[in-house]
Every structure is written in C-alpha cells, then in structure tokens.
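What follows is calculated from the coordinates using simple rules that are stated; it is not laboratory data. Only a predicted model underlies this, so the values are computations on that prediction, with no experimental measurement involved. With ideal geometry, Cβ positions are generated from the backbone for all residues, glycine too; neighbour counts draw on all protein chains shown.
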Amino acid sequence: MSVEKLQALVIGGGPAGLMAASELARGGMSVVLAESKPTVARKFLMAGKSGLNLTKDEGLEAFCSAFHGSLAGTVAEAVRSFGPSEVRNWAESLGQPVFTGSSGRVFPKTMKASPLLRSWLGSLDGVEIRTRWRWTGFDGRALLFETQDGARGIEADHVVLALGGASWSRLGSDAAWVPWLAERGVEIAPFAPDNAGLNVDWSQHMARHFGAPVKAARLMAGGARIPGEFVISERGLEGSGVYSASRFVRRGHPLTVDLTPDLDMDTLRARLAKPRGKATVTAHLRKTLRLDPVRLALLMEFGRPLPEDLAPLIKAVPLAHTGLRPLDEAISSAGGIAAGALDRYRIRALPSVYAAGEMLDWEAPTGGYLITGCLATGRAAARQVLSSLV
C-alpha cells in the first residue's frame with residue numbers, strides 16, 4: 001500500500017470539517033478533506049429539512065452559557081470569536097440572506113440547507129474533497145482509509161479530525177473512531193444521548209392525543225425552568241422543550257411540568273377556589289384555568305389520584321418516564337474527547353492532530369447552538385494549526 005504525503009488533511013465533511021478546511025485553505029495551505037459518505041454534510045442537510053436553524057439572535061454571554069460538558073469553556077471561547085453575528089454574516093457572504101424568527105432563532109430565508117451548502121462548497125478554493133474515503137485507523141504515522149480503489153494511506157503534516165459524535169450513525173456520526181484514539185491514550189468521555197426524546201408508557205387514554213403539541217407549559221428539572229413546546233408521541237415525549245431537559249434527565253433529575261407557568265400559586269389557588277357547582281373537575285379546570293385537552297390529559301395521566309389541593313400538582317406535574325430514547329435516535333450526543341486530552345484543539349497524545357465539532361466533549365440544546373458551536377470550533381482548530389506555522 002502506497003502512502004501519500006499531504007500538507008493538511010481534514011477528516012469529516014460536516015460543518016466543523018468544512019469550516020476547518022475552508023480556514024486552512026484561506027491560510028494558504030493545500031487541503032484534502034476525506035468524507036466516508038458519498039456526499040458531505042448529510043446531517044447538516046437533514047437538519048435543514050425542518051428549516052435550517054443556523055444560530056440564535058441573543059446576547060453573546062447568554063448564548064455561550066448554553067454550552068455544557070468538560071469542553072464547554074473551550075467552545076464558548078471559540079463562539080466569542082465566531083458567534084451569532086459572525087454566523088449570520090458568513091451565511092450572507094455566501095449569498096444566503098437570513099432572518100430572525102419570533103423565538104430569536106436565525107434561519108436562511110430559503111429555510112433550506114442545500115442552497116447554503118452549494119454556495120459553501122463552491123467557495124472552497126484550495127480544498128480537494130474525497131468522498132467514500134472512510135478512515136480506519138493508524139499505521140504508525142499514517143492514517144489508513146478504505147476507498148473505492150482499495151486501502152490507502154496518508155501521512156499529513158497537520159490533521160484536523162471532525163468526525164462527529166455518536167448520534168445518527170446512518171448519516172456518518174457513528175463514533176467508529178473511538179477505539180483508534182483510545183489505543184493512543186486519548187481520554188474519551190463515554191457517549192450518551194443528548195437532545196433526545198423521552199420514553200413514556202402511556203395508558204390507552206392518551207392515544208387520542210398522539211401528535212398533539214403541548215403549549216403554554218414549562219418543563220422543570222434540576223432547578224432549571226425550561227421553555228419550549230413539546231409533543232406527545234406514541235413512544236413518549238419529543239420536541240425542543242424535552243430535548244433541552246435531556247442533560248438533567250441523563251443525570252437522574254426528576255422532570256416535572258408546570259401547566260400554568262403564567263399564574264403564580266396564589267392566583268392559581270384563587271381561581272381554583274371559585275364555586276364548582278355540579279361541574280366535573282375537568283370542566284372546572286377548563287373553565288377557571290383555561291387548560292386545553294392536552295394539558296388536562298397530562299394532569300390526569302400523571303397526577304391521579306388527584307389531591308384535594310390541586311395547585312401544587314398543577315405547578316409541578318411529575319412526568320413519569322422510562323428514560324431517554326436510544327443514542328442513535330438523539331439529535332446530538334454528550335461525551336467525546338475530554339478536556340484533559342487536548343491543548344485547546346490539539347490532541348496531546350498526537351501532536352500534529354487536532355479535533356473539532358461534536359467529537360469533543362461538549363453539548364448544547366437545539367436552537368442554533370449546535371451548528372454555531374461546530375462552525376466555531378472547526379474555525380478555531382484550523383486557526384490553531386495555522387498559528388503553529390508561525
């Protein structure tokens with residue numbers, strides 16, 4: 001097997017890898033990007049099917065506070081240099097105007113990922129993209145690949161790994177790289193589902209509500225009050241509010257839902273104290289609290305037998321569940337290369353190798369934080385490579 005010599009190699013064609021390759025090429029390096037799938041950015045394109053949420057229009061420090069994990073501070077540092085404003089400008093520089101929705105989330109006006117990706121790929125001067133090149137580990141200094149033309153080897157002066165985490169393996173993020181780095185002494189925090197749905201064993205009475213959104217409610221876990229809608233599904237609970245609660249559920253915190261977040265306890269009790277007459281409890285709750293059928297269903301599913309004093313229950317209905325959906329169904333994953341294994345983005349055990357994106361140990365909710373974090377860390381890793389040349 002022949003071994004090819006390269007100046008710069010990026011492995012992984014998602015947002016972090018593409019941003020790293022772009023930045024290295026702008027810095028004057030000759031770059032090869034290797035991607036295992038037939039096309040690049042498959043998870044990026046999948047995210048765009050429901051409207052590509054690039055970032056969120058909010059204060060920088062508030063934005064940075066959304067990152068967690070052992071490398072949260074490193075990611076936040078990268079985002080301070082390439083955050084919401086810079087992501088907007090970057091998209092528009094590629095000919096893709098953006099807009100801010102009512103929740104502060106920022107989208108391309110096309111609401112799709114493919115036009116932005118096409119423009120991005122067209123701008124990558126100095127980057128050679130090789131698809132169907134699957135990394136299979138090391139042989140000394142060489143990195144080994146399976147390709148359509150058989151086994152190939154590459155020795156590169158500088159390598160940036162951007163292989164993704166462990167969710168959505170069908171799109172390329174399968175964490176196959178873990179044993180190859182672990183055997184080189186790289187510390188890797190175990191992967192776990194993040195931004196994942198919840199399993200719930202519903203009673204038969206909930207079937208009529210499958211697919212219904214839960215609005216005007218607030219989830220609570222681990223001391224956090226979590227805004228965002230969620231949806232009742234046949235398997236359990238899905239949606240942005242539930243996804244944001246994933247890290248608390250994963251740590252064993254109880255999850256509750258406040259069905260009347262706009263009412264304080266005194267106001268709630270005053271409304272419940274109004275004469276009920278011959279009305280049923282559910283009819284009384286509909287009339288006095290304006291609880292819709294979905295919120296009422298959650299109260300009856302998880303709150304029975306109903307206590308005499310309903311107010312505390314309504315403000316914190318315990319959501320009984322059997323855990324998060326499987327890792328491969330999660331939008332993203334927690335875990336990855338741990339902070340102690342890195343000098344910023346350079347892997348200590350592999351001095352010419354850097355890492356970026358979701359293969360690092362950080363996590364963030366949906367809503368633009370994930371894509372922004374991947375773009376920012378890809379750029380930061382490439383800049384650390386370039387600074388080593390000075």
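So here's what we get for this one:
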item	result
Inter-label distance, nm, simple model (7 Å from Cα along the C-beta direction), residue 169/residue 124	2.5
Average Cα contact separation per residue, segment 220-322, under 8 Å, 6 or more apart, as relative contact order %	30
Mean residue ellipticity (222 nm) of the chain, computed from DSSP H runs ≥ 4 via -39,500 (n - 2.57), nearest 500	-8500 deg cm²/dmol
Whole-Å semi-axes of the chain's equivalent ellipsoid (Cα gyration tensor)	46, 21, 18
Computed FRET value (nearest 0.05) for residue 343 with residue 46, which takes r as the C-beta separation and R₀ as 41 Å	0.80
Inter-label distance for residue 308 and residue 272, nm, one decimal - labels placed 7 Å from Cα along Cα-to-Cβ	1.3
Sequence of 389, 54 once ranked by neighbouring C-beta atoms within 10 Å, starting from the fewest	389, 54
Segment 39-100 - convex hull of the alpha-carbon atoms, volume per residue in Å³	119
Computed over the chain: relative contact order in percent, which uses C-alpha pairs under 8 Å that are six or more apart	25
Difference of contour (0.36 nm per residue) and Cα-Cα distance, residue 389 to residue 85	106.6 nm
Cβ-derived FRET efficiency at R0 25 Å, residue 210 paired with residue 262, nearest 0.05	0.40
Under 15 Å, Cα to Cα: Lys pairs in the chain, sequence gap 8 or more or different chains	7
Cβ-based net charge around residue 148, under 11 Å, with every Lys or Arg adding one and every Asp or Glu removing one	+2
Charge dipole (debye, nearest 20) of segment 237-390; +1 at Cβ of Lys and Arg, -1 at Cβ of Asp and Glu	360
Measure of compaction for segment 76-168 (Cα Rg per 2.2 N^0.38 Å)	1.45
Gyration tensor over alpha-carbon atoms, segment 238-277, equivalent ellipsoid semi-axes in Å	31, 10, 9
For segment 198-318, size of Cβ-based charge dipole, Lys and Arg +1, Asp and Glu -1, in debye	240
Percent of C-alpha pairs per 5 Å bin, segment 198-318, short to long	2, 11, 22, 24, 20, 13, 6, 2, 0
Nearest-0.05 FRET efficiency for residue 65 and residue 184, computed from C-beta distance (R0 35 Å)	0.55
Added length on full extension, which subtracts the Cα-Cα distance from 0.36 nm per residue, residue 352 to residue 4	123.6 nm
Counting all C-alpha pairs of segment 135-199, share separated by more than 17 Å (%)	53
